[in-house]
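These notes concern the structure reproduced below.
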Amino acid sequence: MKTRLTEALGITCPVIQAPMAFAAGGTLASAVSSAGGLGMIGGAYGDAGWIDQQFGAAAGVRVGCGLITWKLAEQPQLLDRVLAHEPAAVFLSFGNPAQFAYAIRDAGVPLICQVQTLRDARQALECGADIIVAQGADAGGHGEARGTFALVPEVADEIARQNSQALLCAAGGVTDGRGLAAALMLGADGAVIGTRFWASHEALVHPRILERALRATGDDTIRTKVVDVVRGFDWPGRYNGRVLHNPFIQKWHGSEDALKLEAGVEAEKWTAAQDVGDPDIATAFVGEGIGLISSAAPADDILASLVEDAQRCLAGAAL
């Protein structure tokens, strides 16, 4: 399935697997890349040893790495550590990429910038981003309020207005071939897909949490700051995270100030739940697309199905 994205990245499927924190390790990333997409290690909050380990798990397969931009600014030396692995791309999200853009591009590594607003997109273009990812609020994990269906073509129009050669990917709710076809019809060159690969055999997800998520619908997700408060992560105020609703979220959503007062006890509870996979407390960072997923599958089967179904949809649209 040929697009400008596949030509630019040397892949055969116009799909980038989202660098999901704690779920996207080297095994998942290498499986996606081996199947024709671009797999990404979720570098998350900058555990350098873990990142090294996951590049090792990729076993020499060409993969990229995603980093949280505002967190990277607290430890900028981590970028050199990542670039030493010669990643296929560096994917920056949530913050101004200007501080890091030159080093990434100077290393000859494609720069992918995920944006949540048109303002962010303009900032990414000023930094010389090679690929812009327009992320809508349907997405799992952190993000903002804009919807995918309007944000993607608006960013596409901005790229065209600036006569930029930057490529565009859609993210947020792209879960199957219909979503991939829709992304292409909206003017994107491909899609960044998270939740569908979160529910893969290779993802680093506890089976009990996965089992609960696979019974959920998109209605069962919620955007909240609860998880950041309980973990003590000082995310910029503009962002929150989409997660699967559970009793822990139900208890604290809307009462984040009270949670801060109980953070020590509740953090211990939450961490223990993550370790044992207690779905009533632990967090599943999934998007609204979880309602389109009924079972886990190998990453290569997921990618093949995405492309096959997208091609069928596009062929039908051509009629």
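The values are calculated or read from the model by the stated rules, or taken from the named source; none is laboratory data. Quick caveat: nothing in here was measured; it's all calculated off a predicted structure. Heads up, the Cβs are rebuilt from the backbone with ideal geometry, glycines too, and the neighbour counts pull from every protein chain shown.
For the range 119-131, does any single residue satisfy the condition of being farther than 30 Å from His85 by Cα and in contact with a Gly (Cβ under 6 Å, 6 or more places away or on another chain)? For the range 119-131, residues farther than 30 Å from His85 by Cα and in contact with a Gly (Cβ under 6 Å, 6 or more places away or on another chain): absent. Filtering the range 143-165 to residues that are surrounded by 24 or more Cβ atoms within 10 Å (Cβ to Cβ) and touching a residue at least 40 places away in the same chain (Cβ under 8 Å) leaves Gly143, Val155. For the range 217-250, a tally of residues being crowded, with 21+ Cβ neighbours inside 10 Å and assigned to a helix (DSSP H, G or I) returns 5.
Of all the listed residues (Ala282, Ala304, Ala273), the sole one being assigned to a loop (DSSP other than H, G, I, E, B), over 18 Å from the mean Cα position of the chain (by Cα) and surrounded by 14 or more Cβ atoms within 10 Å (Cβ to Cβ) is Ala282.
Please determine, by comparing only the residues of the range 91-144 that are of a type in the set (S, T, N, Q) and assigned to a helix (DSSP H, G or I), which one is nearest to Cys169 (Cα to Cα). That would be Gln123. Annotation for the range 101-116: no member residue is surrounded by 17 or more Cβ atoms within 10 Å (Cβ to Cβ) and either at pLDDT below 95 or hydroxyl-bearing (Ser, Thr, Tyr) (or both).
If I ask for residues that are polar (S, T, N, Q) and closer than 11 Å to Arg196 by Cα, which ones from the range 276-304 would you list?
From the range 276-304, those polar (S, T, N, Q) are 283, 294-295; that's our starting set.
Correct list: Ser294, Ser295.
When the residues of the range 79-90 are filtered to those that are touching a residue at least 24 places away in the same chain (Cβ under 8 Å) and outside any loop (DSSP other than H, G, I, E, B), the one that is farthest from Ala191 (Cα to Cα) is Arg81. Residues that are out of contact with any Asp or Glu (no Cβ under 7 Å at 6 or more places or on another chain) and closer than 18 Å to Thr195 by Cβ within the range 242-263 comprise Arg242, Val243, Ile249, listed in sequence order.
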